[in-house]
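Data block below; observations after.
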Amino acid sequence: MDTIHRNPPLPPTIRLLVTKGDDEGKIFETSSYPILIGRDGNNDFPIKKDVNISRIHAEINLKSKKIWLTDLGSTNGCIVNNVRVKNKAEISNGLIVILGKTWIKISLLRSAKREKKEDSNGSTFLYRSKIDEAFLVLDQCNSSQIIDVYGDEMGMRLTEAMNKLVLPVFKKYNVQFTKGTGDGFLSTFKHPRVCIQAAEDIICRIKRWNKKSVQSTEIHVRIGLHYGQSHIEPNSDRHGQAVHIAFRVEGLKYKDIKKSRNCTRPGDFPIEDRVFITKEFSERLDSRRLLKCSNLGFFKLKGIKGYFEIFRYKV
């Protein structure tokens, strides 16, 4: 792993981790701003192997207690929260920033917005609240293959088209929290009833889009829904096992199924434009929507103990 270190007078407040690209695994931690990112070796965080990144591509800076990313006139632009940056965009913890073919995860280690709470010993710690929420995880199918076949520009166009279809839905159904994950979203809603309505709306909008599109511009997605308890960070980001379950349900493959007499067959297992829900989510739906659920069987979710009963919701 290629790690870069400065020697700041304070503990690092931000971590940049390359999660996808030729420089995958490269880390940069600092408490000093601004941070220059680009292909040139003189940048604070040089990404030398990605020819789609400009010599000096972008800047991350701290202004008015907020973290901002600014596009410095790069050739191929920056994607933040799944949206192309026109000038600058605010950065939050856990966000994925895409420069060229490189994905960079942003972690804020000592957020200026943090809240402190004293325990019985008088020590302080980062405060996190817990609430029950409905989770919606959406991922664009085959985004890497689309870029490989049709190029970066087509990949960005499809991502922007998907955003124009999806983001108004989140607003329409009063999303409580949403963040981009590179080629998808994690969003939360107060009640599964509203969450399933948003999922239905998204699939219907995408189907209408595809009817008017040629094959190269079609959009296909997977959606996973779960209901559980989330841990809310001071910057509103969501963490906890319920979040992990929602992500695993979105990405389910047939090989994860527990073989049994009643489990679904491989030919009946949808690959794209699907909505999968957990039993915890289904138990909170009304009878009309339950009629649209079909039991797929029990699945092993990577990194989580036990088997989970999963249903397909037909739109």
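The values are calculated or read from the model by the stated rules, or taken from the named source; none is laboratory data. Remember, it's a predicted structure, so these values are computed and weren't measured experimentally. Positions of Cβ are backbone-derived with ideal geometry, glycine not excepted, and every protein chain shown enters the neighbour counts. The area values use the complete protein model at the heavy-atom level, side chains included, leaving out ligands, DNA and RNA. Shrake-Rupley method; radii C 1.70, N 1.55, O 1.52, S 1.80 Å.
Just so you know, in the stretch 290-312 the residues that are charged (D, E, K, R) and open to solvent by 40 Å² or more (accessible area, probe 1.4 Å) include one that is nearest to Glu280 (Cα to Cα), and it is Arg312.
Filter the stretch 47-67 down to residues that are surrounded by fewer than 19 Cβ atoms within 10 Å (Cβ to Cβ) and in a strand (DSSP E or B), then give me how many there are. Looking only at that region, the number is 4.
Yes or no, residue by residue, for (1) within 20 Å of Lys171 (Cα to Cα); (2) part of a strand (DSSP E or B); (3) modelled with pLDDT of 95 or more:
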residue	(1), (2), (3)
Gln197	yes, no, yes
Ser213	no, no, no
Leu225	yes, yes, yes
Gln229	no, yes, no
Cys263	no, no, no
Gly267	no, no, no
Glu280	no, no, yes
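Kindly state which strands (runs of 3 or more DSSP E) lie completely within the stretch 74-193 and contain at least 1 residues that are surrounded by 16 or more Cβ atoms within 10 Å (Cβ to Cβ), at pLDDT 70 or above and not β-branched (Val, Ile, Thr).
The strands (runs of 3 or more DSSP E) meeting that bar are 78-80, 88-91, 96-99, 102-108, 129-140, 177-180, 184-189.
Only one of the numbered conditions (1) basic (Lys, Arg); (2) within 20 Å of the chain's Cα centre (by Cα); (3) farther than 19 Å from Phe185 by Cα is not met by Arg238, and that is (3). Only residues that are at pLDDT 90 or above, surrounded by fewer than 18 Cβ atoms within 10 Å (Cβ to Cβ) and either β-branched (Val, Ile, Thr) or in a strand (DSSP E or B) (or both) were counted in the stretch 18-46, giving 2.
Of Val275, Val249, Val315, Val243, all but one fail to be open to solvent by less than 70 Å² (accessible area, probe 1.4 Å), part of a strand (DSSP E or B), hydrophobic (A, V, I, L, M, F, W, C) and under 23 Å from Asn142 (Cα atoms); the exception is Val275.
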